[in-house]
Amino acid sequence: MNVTYFEKERIFKLDTPNTSYLLGIVDEENFIGHIYYGKRLQGHNIAYRMRTQEAPFVPSRNNRERCSFYDCFPFEYPTTGLGDYRESCLSIRTIGGYSGCNLSYVSHRILEGKPQLEGLPATFADKETATTLELTCVDNHIGMKVLLYYTAFCDTDVITRSVKIINEGTQAFYLTKVLSACLDMDNQDYEMISLHGSWARERHIQRKKVGYGIQKVSSFRGESSHQDHPFLALVSPNTTQEMGEVYAMNFVYSGVKVTTPVAITAAPTFSLEISAKLANASLYTTCSGSKNVPSLITRKPNVLESLLLLNHPPIVTSLSA
């Protein structure tokens, strides 16, 4: 199996033929942090990349600086309302108007093959060609369960990600923002490549240095098109057609507004997020409801594809991303 859990270090490692993806569980509150995504590694004990042994440390060691921890920790699936003011993956609003949520890891499963996404276009694989990691996270105050899925393919450098959100509480709440994934990386003076155009002049290449703030590629058309192709790539400054480091993303299907933001914070890291956003709508969860949103396929160093679909009405009874 190409998904391994190292219990002592609380680290998960996903391997494809040439790449590795690592994430870890941190502190008493079981925060989920991103550790590494890049060339395949032989080892796994690189939790130091999350920088929890330096200021502001973790909340159990320095709770007075909890907000500083939220502000710089590389969350694997960040939320809003508790001190992390960077771009997030998940935002909610309760019936009472509260918007804070906090996810903690509670359990995991390693599955053979790739689970199907009910009602959504997605990749597929059997137990011979892929292994899936399912992380279960909860916010006990809201009664929300979030399932994070990572599928590592054995024969190609692809890792797919999807999210399922379940309301197990006693009250309904709104999902105002649900994204497929977040990739929090150290900034290495990356440049951003995007493809703009129109009819008969598609795919014009624009390349620029990534700076502070939010840079994004988006469309209000409601589907992938020639007008502004839902593609984005981050490349090292000297990257050419033959050499260099490239992280690329391409939404190959979408039924809603598509946004791919790259957010640069004041810290020496940036958050690269692949997102699907509803246009002028919120998702409303009833008690014990769940629903499928998008599947994200990540590939490094070549192309990351994404399949997006959110063609449900604003009020739904089942939610998942």
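Read-outs: derived from the displayed coordinates by stated rules, not from any lab. Because the structure is a prediction, the values reported are computed rather than measured. Reconstructed Cβ throughout: ideal geometry from the backbone, glycine too, with neighbour counts over all protein chains shown.
Below are the figures for this structure:
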read-out: Stokes-Einstein D (µm²/s) once Rh is taken as the Kirkwood radius of region 23-72 over alpha-carbon pairs, at 10 °C in 1.306 mPa s; value: 135
read-out: Charge context of M192, other residues only, Cβ under 11 angstrom, K/R +1, D/E -1; value: +3
read-out: Calculated over region 120-251: convex hull of Cα atoms, volume per residue (Å³); value: 185
read-out: Magnitude of the charge dipole, region 178-230, Cβ model with Lys/Arg +1 and Asp/Glu -1, debye to 20; value: 280
read-out: Cα-based Kirkwood hydrodynamic radius, region 70-183, one decimal, Å; value: 15.3
read-out: Charge-dipole axis of region 1-77 as Lys and Arg at +1 and Asp and Glu at -1 on Cβ define it, positive-most pick from H44, C72, S60; value: H44
read-out: Assigned charges on the beta-carbon of Lys, Arg, Asp, Glu; region 105-186 dipole about Cα centre (debye); value: 300
read-out: Proxy reagent accessibility, fewest Cβ within 10 Å first, across L14, L147; value: L147, L14
read-out: Overall form of region 13-129 per C-alpha gyration tensor (a/c, 1.5; a/b vs b/c); value: oblate
read-out: Potential extension, K39-E54 segment - 0.36 nm per residue separation minus Cα distance; value: 2.8 nm
read-out: Residue order, fewest to most beta carbons within 10 Å, for R207, R86; value: R207, R86
read-out: Order of M192, M1 - criterion: other Cβ atoms within 10 Å of each residue's Cβ, fewest first; value: M1, M192
read-out: Coil-residue chymotrypsin sites (Phe, Trp or Tyr not before Pro) of region 207-246, DSSP, other Cβ within 10 Å capped at 16; value: Y212, F220
read-out: Above-threshold pairs, the threshold being 21 Å between Cα atoms, out of K145/K177; K13/K127; K13/K114; K177/K209; K177/K216; value: K177/K209
